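The values are calculated or read from the model by the stated rules, or taken from the named source; none is laboratory data. Keep in mind the model is a prediction, meaning the values are calculated, not measured. Quick reminder, even Gly has a Cβ in these numbers, built from the backbone with ideal geometry, and neighbours come from all protein chains shown. We work out accessible area using only protein heavy atoms, side chains counted, and drop any ligands, DNA or RNA first. Shrake-Rupley method; radii C 1.70, N 1.55, O 1.52, S 1.80 Å.
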Amino acid sequence: MSVPTTMAVAGKTVRRVLVAGLGLALVALTPLTAQASGTTEAAGEPVAATGAAAGPAGVIGASSEPERVAGAAAAPVAVTRTTLAEDTVIPRGVTVDLVRRTMTLTAGEKRHLRGRLEATSTTTGIVGLTERIRCLDASGRTVPVVAASARNHEGSDTVTYATPGHLPLFADLLFTAPAEGTYTCVLQGTAYSSLTGSYHLTAVAGKTWLEADDSDRVGAGRWQNPACESADSGGACTYVGTGPARRDAWVFYDDGTPTRRWQAHPDAVSVSAQANLELTTCYHGTASCATAMQAHPRGKNAVVDARFEFIQLGTTGHACRTHSTTARRTVTDDAHHAVGYSFLTGLPVDPACGTRDFLMRIYVKHVSGQTVKIDGVQSGVTSLTNGIAFNNFG
């Protein structure tokens, strides 16, 4: 699988960055709050913003059969957090295991894992940082899917993060055991850059952690964007912007793959949904976008509007009840890759709709600046733009 590469010049006056891609890439999420909704931005420590709305929506169109949820109802799921005990150096070009959690699961059992990696840097130059959550079976083989998050660390003197110089990344994974057995899920960090000289990033103790469910996430479902390789030499990725790019797009909905429906468990008292939307800016000379999509010199940055929707369907397959939250996002060329996270929690299942079927989608509209790429699955393994739906019991 590909690995992000960054070319950078130390210092603040000029920052040249060519990120070849998000091999296992991308950025940030904060724990969901019950009965809340909102969006989080990955530029610094995410802060939830309220903004849910409910009401009828338009036609959803053709869709595949919903996921049929089986099994008995479950109690609310407890979560255990394992925290990095001491500061850990992440050298250039090395993938470092930071925190791990081992679980014994039955076939089909699900766990929701969330990782946080907070990193400092020894240089004022730009250094790429990738966080991964990778689960291994008893033989040491990686079980797809790998969750990843990446962003350029903009230097030890950066003041735009919540804590100056401290870049937090978050990754989010719904893991399903393919067979009965023991699995070890690992939070990893990788630093990458073409900077000369000696430098490294450091994962911060106490601020870096891996959370994992203690029991089965009964009936949870996931969505992901289709294949989109780092350099997109095959032109498979979706772009929103100017020129040949689309002006807007519906993630999880009009990407050419079958529209996926999810069915809430009959005993769920409510449902919750979350999604991460990974965007990459396409400035001149970047190795992360098709050449035709590179409309502006580096430094233009990008602004997009995104609306996350979780829709309960009626008996005709049309939208019956729509829950949504919106955000305007700026993705800088220095950061280059950035993930915005959205969540809607404690949503009632309206019996008047006549079904317990739901559809997830994200509307993305270009506002100004660089064309952006909507990242998807790399190397058939690493999911960068994805969503998860949960049943809430008792």
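Numbers below:
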{"item": "Matching entry among R247, R261, R217 (being over 30 Å from S121 (Cα atoms), loosely packed, with under 15 Cβ neighbours inside 10 Å and at pLDDT 95 or above)", "result": "R247"}
{"item": "Total residues in the stretch 180-200, condition surrounded by 15 or more Cβ atoms within 10 Å (Cβ to Cβ) and not in a strand (DSSP E or B)", "result": "4"}
{"item": "From A138, A177, A148, residue being surrounded by fewer than 17 Cβ atoms within 10 Å (Cβ to Cβ) and either touching a Gly at 6+ places or on another chain (Cβ under 6 Å) or touching a residue at least 24 places away in the same chain (Cβ under 8 Å) (or both)", "result": "A138"}
{"item": "From the options D267, D305, D254, residue that is part of a strand (DSSP E or B) and either β-branched (V, I, T) or surrounded by fewer than 21 Cβ atoms within 10 Å (Cβ to Cβ) (or both)", "result": "D305"}
{"item": "Residue match in the stretch 223-235 (condition: touching a His at 6+ places or on another chain (Cβ under 8 Å) and either open to solvent by less than 10 Å² (accessible area, probe 1.4 Å) or without any contact (Cβ under 8 Å) to a residue 12 or more places away in the chain (or both))", "result": "no"}
{"item": "Pair list, Cβ under 7 Å, 6 or more apart: the stretch 356-372 residue closer than 15 Å to G317 by Cβ and among the polar types (S, T, N, Q), other residue part of a strand (DSSP E or B) and open to solvent by 40 Å² or more (accessible area, probe 1.4 Å)", "result": "none"}
{"item": "Residue that is modelled with the lowest pLDDT, among those in the stretch 277-293 that are part of a loop (DSSP other than H, G, I, E, B) and open to solvent by 30 Å² or more (accessible area, probe 1.4 Å)", "result": "A287"}
{"item": "Residue among T330, T322 that alone is in a strand (DSSP E or B) and open to solvent by less than 40 Å² (accessible area, probe 1.4 Å)", "result": "T322"}
{"item": "R116 being buried (at least 24 other Cβ atoms within 10 Å of the Cβ), modelled with pLDDT of 95 or more and basic (K, R)", "result": "yes"}
